[in-house]
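The values are calculated or read from the model by the stated rules, or taken from the named source; none is laboratory data. Computed from a predicted structure; not experimentally measured. Here Cβ is always computed from backbone atoms with ideal geometry, including for glycine, and neighbour counts include all displayed protein chains. Remember, those area values only see protein heavy atoms, side chains included, never the ligands or the DNA or RNA. Shrake-Rupley method; radii C 1.70, N 1.55, O 1.52, S 1.80 Å.
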Amino acid sequence: MPLIKSPEELEKVREEILSRRDPHKLCISVCAGASCLASGAGEVIAAFKAELEKQNINADVDTKGSGCPGFCEQGPVVVIHPEEICYLQVTPDDAGEIISQTIVGKKPVERLLYTDPDTGNKVVKMNDIPFYKNQVRHLIGNNIKIDPKSIDDYLAQGGYAALAKAMHEMSPEQVIEEVKESGLRGRSGSGFPAGRKWEFCRNSEDEHKYVICNCHEGDPGSYADRRLTEGNPHNVLEGIIIGAYAIGAQDAFVFVGDEFPQTVENMRLAIKQAEEYGFLGKDILGSGFDLTVRISIDGGGYVLGESTALMASMEGRIGEPKTKYDHATDRGLWAKPTVLNNLQTWANVPLIINNGAAWFRQTGTDGSTGTRVFSITGKIKNSGMIEVPMGMSLKEVIYDIGGGTVTDKKFKAIQVGGPLGGFVPESQLDVQVDYDQMTDAGLAMGPGLIVADESTCIVDMVKYFLTFLAHESCGKCTPCRDGIRQMLHILNNITAGRGNKGDLELLELISTVQKKAALCALGQGASDPLLSTLKHFREEYEAHIEEKRCPAGVCKALGAVSSGANV
Amino acid sequence: MGEVTLTIDNKEVKAEEGMTVLEAARSAGIKIPTLCHHEKLEPYTACRICMVEVESRGRSELDTSCSRPVKDNMVVRTQSEELTEIRRTLLELMLSHAPDARELQELVEEYGANRNRFAKEPSFCIHCGLCVRYCAEVKKKNAVVFVKSGVRREISFNKEIASRECWKCRECFELCPTEALQTAYLLTEALTSDSSSFELEPDA
Ligand SMILES: Cc1cc2nc3c(=O)[nH]c(=O)nc-3n(C[C@H](O)[C@H](O)[C@H](O)COP(=O)(O)O)c2cc1C
Ligand code: SF4
């Protein structure tokens with residue numbers, strides 16, 4: 001591939017790719033996301049290939065291992081283009097039937113279609129399934145059409161057009177203005193306006209600047225960030241390159257853990273392809289702008305996602321948070337001006353440049369624009385990766401997209417934001433996916449949603465998060481390290497039937513001091529799951545302490561017969 | 001370096017730019033408790049006992065005085081009910097590990113800390129990191145380091161370096177606010193003369 005040196009050349013390459021592709025040609029897409037691969041997607045793809053060959057129609061039908069379309073609960077997911085017929089929980093044994101019935105016979109295989117649990121009706125097309133229909137999928141909607149390992153697939157979907165536009169039609173300042181105008185806020189949950197952060201960094205005097213993409217995602221049970229990156233790495237990469245151009249950074253890093261090999265592999269390949277096409281390296285698209293992107297493998301550990309710990313670890317120092325009075329946009333990585341953004345923040349940038357800030361603002365609320373990609377797990381019927389418009393209520397997320405609880409058991413709470421987030425009870429489900437509403441409700445807009453039903457013991461679940469933090473805190477400062485230790489001690493007593501009067505007040509005292517005195521946001525937020533449940537489910541704690549009873553029947557020491565694992 | 005004027009506990013204090021609030025307070029004879037602070041070492045901000053209330057440019061917040069740079073017109077309060085509650089609770093958390101640590105005793109009296117508020121987990125270490133940092137920053141030897149994270153964090157002597165360096169140094173011993181360090185070292189010493197592969201790993 002010769003380097004692409006101008007927007008015109010890019011469009012030529014795109015036309016050439018499209019001319020080789022017949023939009024009406026049949027294509028069998030099998031989700032090759034980590035979750036579907038784990039449930040056998042690799043074998044399913046192989047079975048389709050073998051079957052097509054056997055029936056001697058392999059020239060007429062393409063196969064593709066695609067980015068994750070999100071319905072992980074029902075994987076492996078198979079979609080047949082161009083009609084977008086969607087089959088769920090497909091096994092290699094189904095390949096023959098799908099090919100004879102659907103590819104050759106043009107009839108759907110009824111038993112593999114989605115069944116509406118209310119009506120019993122079969123749904124043929126992917127976007128008619130309520131799980132998909134009720135989402136707004138600006139970021140992940142194309143995943144099923146894209147092989148994450150193919151830059152041509154990304155280009156066929158209009159990829160890198162935003163980069164060409166930014167570099168040739170806009171000054172760096174105009175890009176920043178557009179991003180500011182879009183209202184894009186930090187998707188790590190920080191909610192910090194991205195455009196403003198970029199502007200601080202651009203205006204910083206030092207010539208050498210860095211950009212970092214935070215793909216760490218250490219929240220237990222959450223997988224939205226890594227699945228998004230893994231499913232469409234070029235989208236994230238394009239956002240990073242545009243951002244680096246706007247900020248004036250010469251070096252960019254993708255910070256990602258090697259516990260997500262699929263994400264690392266796909267991103268590494270994407271960087272290599274982008275270099276080969278001229279979207280990275282010297283004089284990108286003939287603009288005179290140079291950029292290198294490298295992958296920085298993190299050593300694991302939740303706290304490494306925190307910005308000062310992350311940068312310390314990238315510099316080869318111990319990955320512990322540090323009290324800092326300089327903004328990273330003035331003195332960040334190696335004391336150079338640095339912008340650190342979450343991968344979802346970066347992924348939105350091409351959308352904003354392509355469609356404009358006004359278009360972007362059409363989705364969402366005044367203070368929270370665009371969409372948010374979550375993973376939703378726990379006792380929910382349709383677990384998976386979802387993209388929802390900001391402003392959607394949690395109730396709609398749970399019932400319209402998630403399909404409600406997995407069994408007939410009653411909904412109890414949804415946990416938002418992981419170990420530093422909070423719980424929302426049924427009575428407060430009108431809370432919207434909106435930074436400010438979530439903050440007011442004691443929640444953090446992290447990437448993971450976990451649903452609990454009445455078989456979940458809230459005390460046990462809070463204990464789970466604190467146990468996680470007990471290991472994942474760096475252990476440097478007293479209120480976090482010893483505060484968590486004592487909180488866990490008290491909670492363990494409570495669930496073991498040794499709770500005492502005054503325990504809840506003591507928990508509240510530790511939380512108050514920890515929130516005020518801990519060094520970093522991990523310690524400051526460590527008590528949030530506890531505090532939100534003391535507010536909404538206090539009687540459940542009291543039942544454990546005063547009546548020595550676990551209302552959910554989970555805590556063994558209090559007479560529960562079922563096993564105690566909740567999450 | 002310019003001079004700045006700030007107010008600490010209603011007292012006007014002059015300080016050099018680049019000083020910390022703690023240094024400015026101490027120069028004016030105002031006492032702020034510290035445990036992990038040491039003049040020769042970088043601010044560590046781990047024990048949190050030196051937290052004060054800082055008002056600067058219209059914003060009021062709690063911060064560690066050992067790290068906070070002074071600013072002109074800054075207003076600092078080193079005592080308040082809130083700060084007392086924080087310091088008392090921090091002390092009580094530390095007492096659960098090292099109830100007899102000598103440096104805690106005076107503060108325990110001053111802040112009315114309850115020795116039995118929290119369950120005891122005697123490790124004798126309050127994780128101030130003085131030994132670890134002194135060895136790294138001043139002696140540049142890294143003979144004693146922190147190992148493990150979170151609630152399992154503990155100090156550990158590197159047997160190889162310790163057997164080479166510590167015997168003639170031992171300067172960190174007197175920095176330790178508890179008795180833990182000397183014990184840990186003596187254990188290590190005992191182990192280095194032993195060829196067994198036994199690891200120093202008390203229960204978390
Ligand atoms: C304990 C802790 C863990 C964090 N983990 C992550 C993470 O995994 N991914 C992430 O993007 N941000 C994480 N953050 C937030 C980052 O420090 C930083 O604010 C963020 O990457 C900025 O991106 P944004 O402005 O685009 O939201 C974490 C923060 C804390 C305190
Ligand atoms: S709050 Fe927790 S994670 Fe953050 S520095 Fe303190 S001990 Fe480490």
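Find the accessible area per residue for the protein assembly as shown; the probe is 1.4 Å, ligands and nucleic acids are left out, and the unit is Å².
Heavy-atom SASA per residue in the protein assembly as shown reads 40 Å².
Roughly how many Å² of B:Arg102 are accessible to a 1.4 Å probe, to the nearest 10?
130
Only four residue types carry charge here, +1 at the Cβ of Lys and Arg and -1 at the Cβ of Asp and Glu. Report the dipole size of the protein assembly as shown about the Cα centre in Debye, rounded to the nearest 20.
It works out to roughly 680 debye.
For segment A:22-131, take N as its residue count and report Rg(C-alpha) divided by 2.2 N^0.38 Å.
Rg over 2.2 N^0.38 Å, computed on Cα atoms: 0.99.
May I ask you to give the percent of accessible area on segment B:3-79 that is carbon plus sulfur, with a probe radius of 1.4 Å?
C and S fraction of accessible area: 42 percent.
Taking the Cβ of A:Gly404 as the center, what net charge do the other residues with Cβ under 11 Å away carry, scoring Lys and Arg +1 and Asp and Glu -1?
+1
With a 1.4 Å probe and all protein chains in place, put B:Glu109, B:Glu81, A:Glu43, B:Glu53 in order of accessible area, largest first.
Listed by decreasing accessible area, they come as B:Glu81, B:Glu109, A:Glu43, B:Glu53.
Kindly tabulate the residues in segment B:140-186 with an accessible-area decrease of at least 30 Å² between the chain alone and the assembly of all protein chains, using a probe of 1.4 Å.
Hits at the 30 Å² cut-off: B:Ser149, B:Gly150, B:Val151, B:Arg153.
Can you find, among A:Met311, A:Leu343, B:Gln79, the residue farthest towards the positive end of the dipole of the protein assembly as shown? Put +1 on the C-beta of Lys and Arg, -1 on that of Asp and Glu.
Towards the positive end, the residue furthest out is B:Gln79.
Under unit Cβ charges (Lys, Arg +1; Asp, Glu -1), what dipole magnitude, rounded to 20 debye, does segment A:6-94 have relative to its Cα centre?
Here segment A:6-94 has a charge dipole of around 120 debye.
Could you report the accessible area of A:Glu238 in Å², rounded to 10, computed with a 1.4 Å probe on the protein chains as they sit in the structure?
0
Taking amide H atoms as placed 1.01 Å from N in the peptide plane, list the residues 5 or more away in sequence, or in a different chain, whose amide H sits under 5 Å from that of A:Phe260.
Result for A:Phe260 returns nothing.
With bins 5 Å wide starting at 0, give me the P(r) of chain B over every alpha carbon pair, in whole percents.
In whole percents, the pair-distance histogram is 1, 7, 14, 16, 16, 14, 12, 9, 6, 3, 1, 1, 0.
Mean-square fluctuation check for chain B, GNM, Cα pairs under 10 Å: which of B:Thr183, B:Thr78, B:Thr64 is largest?
Comparing B:Thr183, B:Thr78, B:Thr64 in a Gaussian network model of chain B, the most mobile one is B:Thr183.
Over the Cα atoms of segment B:130-192, what Rg and Dmax result, in angstrom?
10.8, 32
Under the rule that a partner needs its Cβ under 4.7 Å from the first Cβ, which Cys of chain A have none?
Isolated Cys, chain A: A:Cys27, A:Cys68, A:Cys72, A:Cys86, A:Cys201, A:Cys213, A:Cys215, A:Cys457, A:Cys474, A:Cys477, A:Cys480, A:Cys520.
Using Cα centres only, tell me the gap between segment A:225-239 and segment B:116-175 in whole Å.
That distance is 43 Å.
If the cut-off is 16 Å between C-alpha atoms, which lysines fall inside it for A:Lys122, apart from same-chain ones fewer than 8 positions away?
A:Lys107, A:Lys133
Cross-link list A:Lys209/A:Lys515; A:Lys412/A:Lys501; A:Lys145/A:Lys409: which exceed 29 angstrom alpha carbon to alpha carbon?
In this structure, A:Lys209/A:Lys515; A:Lys145/A:Lys409 lie more than 29 Å apart at Cα.
Restrict the search to segment A:268-299; then list the trypsin sites (Lys or Arg not before Pro) that DSSP places in a loop and that have at most 14 other Cβ atoms within 10 Å of their Cβ.
Loop-located and lightly packed - A:Lys282.
Sort segment B:58-138 into rounded, prolate or oblate with this rule: let a ≥ b ≥ c be the square roots of the eigenvalues of the Cα gyration tensor; rounded if a/c is under 1.5, and if a/c is not under 1.5, prolate when a/b is larger than b/c, oblate otherwise.
oblate
Considering the dipole of the protein assembly as shown built from charges on the beta carbon (Lys and Arg +1, Asp and Glu -1) around the Cα centre, which of A:Ile353, A:Gly281, A:Gly378 is farthest to its positive end?
Value computed over the given set: A:Gly378.
With every protein chain in place, what's the accessible area of A:His208 (1.4 Å probe, Å², nearest 10)?
The accessible area comes out at roughly 60 Å².
Taking the Cβ of B:His37 as the centre, find all other residues whose Cβ is under 15 Å away and add up their charges (Lys, Arg: +1; Asp, Glu: -1).
Combined, the nearby Lys, Arg, Asp and Glu give +2.
Which of the aspartates and glutamates could a cross-linker span from A:Lys49 if the Cα-Cα distance has to be under 20 Å and same-chain partners fewer than 8 positions apart are dropped?
Within the straight-line cut-off, A:Lys49 pairs with A:Asp22, A:Asp60, A:Asp62, A:Glu83, A:Glu84, A:Asp93, A:Asp94, A:Glu97, A:Asp147, A:Asp153.
Tell me, what does the Kirkwood hydrodynamic radius of segment A:159-361 come to in angstroms if you use every pair of distinct C-alpha atoms?
16.6
List the accessible area buried at the contact between A and B, summed over both sides and calculated with a 1.4 Å probe, in Å² to the nearest 100.
Using a 1.4 Å probe on protein heavy atoms, the buried area is about 2700 Å².
Of A:Ser29, A:Pro479, A:Pro220, which is farthest along the charge dipole of the protein assembly as shown in the positive direction, counting Lys and Arg as +1 and Asp and Glu as -1 at C-beta?
A:Pro479
Each residue of segment B:161-175 in order: what ³J(HN,Hα) in whole Hz does its phi give by Karplus 6.51 cos²θ - 1.76 cosθ + 1.60, θ = phi - 60°, with x for Gly and Pro?
Along segment B:161-175, the couplings run 5, 4, 5, 8, 9, 6, 3, 8, 10, 6, 5, 6, 3, 6, 7 Hz.
Using the Karplus equation 6.51 cos²θ - 1.76 cosθ + 1.60 (θ = phi - 60°), what ³J(HN,Hα) coupling, rounded to whole Hz, does each residue of segment A:33-47 give in order, writing x for Gly and Pro?
Once rounded to whole Hz, the list reads x, 4, 5, 5, 4, 5, 9, x, 4, x, 5, 5, 4, 4, 5.
Send over the Kirkwood Rh of segment A:371-453, from the inverse of the averaged 1/r over different Cα pairs, rounded to one decimal Å.
Result for segment A:371-453, one decimal place: 12.2 Å.
Would you please calculate the Kirkwood hydrodynamic radius of the protein assembly as shown over all C-alpha pairs and express it in Å, rounded to one decimal?
Computed over Cα pairs of the protein assembly as shown, the Kirkwood hydrodynamic radius comes out at 28.6 Å.
For segment A:371-453, give the magnitude of the charge dipole about the Cα centre (Cβ charges: +1 Lys/Arg, -1 Asp/Glu; no others), in debye to the nearest 20.
360
Kindly sort A:Phe192, B:Phe173 by accessible area of their heavy atoms, largest first, with the probe set to 1.4 Å.
A:Phe192, B:Phe173
Cut-off under 27 Å on the C-alpha distance; same-chain residues fewer than 8 positions from B:Lys139 excluded. Which lysines are left, in chain and number order?
A:Lys322, A:Lys324, A:Lys476, B:Lys40, B:Lys148, B:Lys159, B:Lys168
Could you check which residue among B:Leu91, B:Leu107, B:Leu22 shows the biggest mean-square fluctuation in a GNM of chain B with a 10 Å Cα cutoff?
Highest fluctuation among the options: B:Leu107.
Taking the Kirkwood radius as the inverse of the mean 1/r across Cα pairs, report the Rg/Rh of segment A:435-567.
Rounded to two decimals, Rg over Rh is 0.96.
Loop only per DSSP, at most 16 neighbouring Cβ atoms within 10 Å: give me the GluC sites (Glu not before Pro) in segment A:132-229, ordered by residue number.
Those satisfying the criteria are A:Glu205, A:Glu207.
List the residues whose amide H sits under 5 Å from the amide H of A:Gly422, counting only those 5 or more places along or on another chain, with H placed 1.01 Å from N in the peptide plane.
Under 5 Å from the amide H of A:Gly422 lie the amide H atoms of A:Val416, A:Ala444, each far enough along the sequence or on another chain.
Taking each residue of B:86-96 in turn, how many C-beta atoms of other protein chains fall within 10 Å of its C-beta, and what is the average?
5
Take peptide A:466-477, look around each residue's Cβ out to 10 angstrom, count Cβ atoms belonging to other protein chains, and average those counts.
So the per-residue partner count for this stretch is 5.
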